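Taking it in order: structure first as structure tokens, then the write-up.
Nothing in this text is a laboratory measurement; each read-out follows from the coordinates by a stated rule. All of these numbers come straight from a predicted model, not from anything done at the bench.
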């Protein structure tokens, strides 16, 4: 994927919460870009005369948070939301101060505010870079003439604590982890919207009950 390059040159591990270490190579060498390239290749170079299924699995924004510098800089300059920390978490983790350089894979700790902001900026940058690459895939789908005849589902397996309640990573029974949004588009969006309109008065099925975080 990146001959002669160390794609782990940032020094970030795959459970690392640190920010401020953007991907040091060209976008095309990043795993997020590469994943989109594989999908575009499938769309452009396969005969689409029969039904097909494509699972496009982006590794980011799972750590390491290593988006291109332009995306990291974009969010570093923004006034990002601070983590939500309840009184119970303040009491529970009192005295557990650390730094991300000392304990980059800690699942809980009280880190300096500047480090938390840097981590959140890198996380947001990773999401925007993924969104940018997904846009390339959808553009290729439209160019192939299949966009309006394609079901698109976008979802994740979990969220990220990212400093809320002084916690990081997953495996926590708190809102930032299970309450992630799913999206649908293309033909599936039209099917669901028409279904809702057709059954508005009957009200015997409500997608909001079964999929409360779907956005269309």
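On alpha carbon coordinates alone, what is the Rg over Rh value for the range 1-149, Rh being the Kirkwood radius? Expressed as Rg/Rh, it is 1.08.
Computed on the Cα atoms alone, the convex hull of the range 38-115 gives a volume of 176 cubic angstrom per residue.
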